[in-house]
Amino acid sequence: QADNRPRTPSITVTGEATISAEPDQAEIDIGVVTQAKTAPDASKENAERLSRVLAQIKKQLGENDEVKTAGYSLTPNYRYPQGGKPEIVGYTASNTLRIRTTNLNLVGRLIDSAMQAGANNVNRLVFTLKDELAAQLGALKMASAKAKSKAESVAASLGLKIIRIAAVIEGERTVQPVFRDRQLMAARAEAAPTPVEPGTVEVRSTVSMTVEVS
């Protein structure tokens with residue numbers, strides 16, 4: 001049945017806020033890739049080099065830092081002769097460590113020391129926040145204040161008065177970490193220290209607000 005009661009006039013607006021936060025945590029994926037004629041040889045060489053890399057990394061990490069295995073693979077390498085069947089000509093072993101540290105000044109040294117110890121792949125470097133919720137709440141508070149200010153401005157321009165806030169709906173919420181993609185397939189012990197600039201993490205929130213007016 002149709003509702004014949006008069007509807008209370010309302011205004012709906014959206015508020016958006018983006019804040020920049022200094023990252024306080026870094027994650028690095030450092031790997032060792034080896035090739036050999038046989039699978040056991042590729043795996044053995046990889047394990048030996050990774051052990052040296054891991055030992056070097058652990059020397060530098062703090063009490064609250066951590067390192068763990070992020071991925072491992074052992075795959076055959078094929079040769080495709082013309083008109084013939086594919087032939088296995090060797091194997092590639094790949095092992096990746098994921099390092100998490102709160103000492104951002106340590107990132108460059110970790111990369112350099114790992115490469116000098118035998119690592120030959122850096123495929124992920126990202127700066128994040130340990131407490132994302134606090135930053136999200138800050139952005140949400142700003143977005144709500146902007147929505148309220150917009151509603152008041154719209155109401156005033158129309159000669160209306162806000163009676164009450166009828167509804168508030170949280171919209172999109174995003175945290176954009178800072179990615180620094182690097183592909184370092186070879187490193188020399190005499191190479192210059194790796195420069196790393198963390199940048200800032202972007203935190204964005206939006207809200208939709210409906211106010212009743214008279």
Inset, instruction - Please specify each residue of segment 90-125 satisfying the condition of being more than 15 Å from G31 (Cβ to Cβ), in contact (Cβ under 8 Å) with a residue 60 or more places away in the chain and assigned to a strand (DSSP E or B). - result: R100, T101
Legend entry - Residue identified as open to solvent by less than 20 Å² (accessible area, probe 1.4 Å) and either closer than 30 Å to S43 by Cα or modelled with pLDDT of 95 or more (or both) among A93, A145: A93
Legend entry - Residue that is nearest to S214 (Cα to Cα) [pool: residues in segment 151-178 that are open to solvent by less than 70 Å² (accessible area, probe 1.4 Å) and β-branched (V, I, T)]: I162
Legend entry - Selected residue [under 27 Å from the mean Cα position of the chain (by Cα) and not hydrophobic (A, V, I, L, M, F, W, C)] from K58, K44, K37, K85: K58
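Yes or no, residue by residue, for (1) modelled with pLDDT of 95 or more; (2) touching a Pro at 6+ places or on another chain (Cβ under 7 Å); (3) open to solvent by 80 Å² or more (accessible area, probe 1.4 Å):
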{"position": "R5", "(1), (2), (3)": "no, no, yes"}
{"position": "V13", "(1), (2), (3)": "yes, no, no"}
{"position": "E16", "(1), (2), (3)": "yes, no, yes"}
{"position": "I19", "(1), (2), (3)": "no, no, no"}
{"position": "D24", "(1), (2), (3)": "no, no, no"}
{"position": "I28", "(1), (2), (3)": "no, no, no"}
{"position": "A36", "(1), (2), (3)": "yes, no, no"}
{"position": "E45", "(1), (2), (3)": "yes, no, no"}
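The values are calculated or read from the model by the stated rules, or taken from the named source; none is laboratory data. Please read all numbers here as calculations on a predicted model, not as lab measurements. Using ideal geometry, Cβ is built from the backbone for each residue, glycine included, and neighbour counts are taken over all protein chains shown. Only protein heavy atoms, including side chains, enter the accessible area calculation; ligands, DNA and RNA are left aside. Shrake-Rupley method; radii C 1.70, N 1.55, O 1.52, S 1.80 Å.
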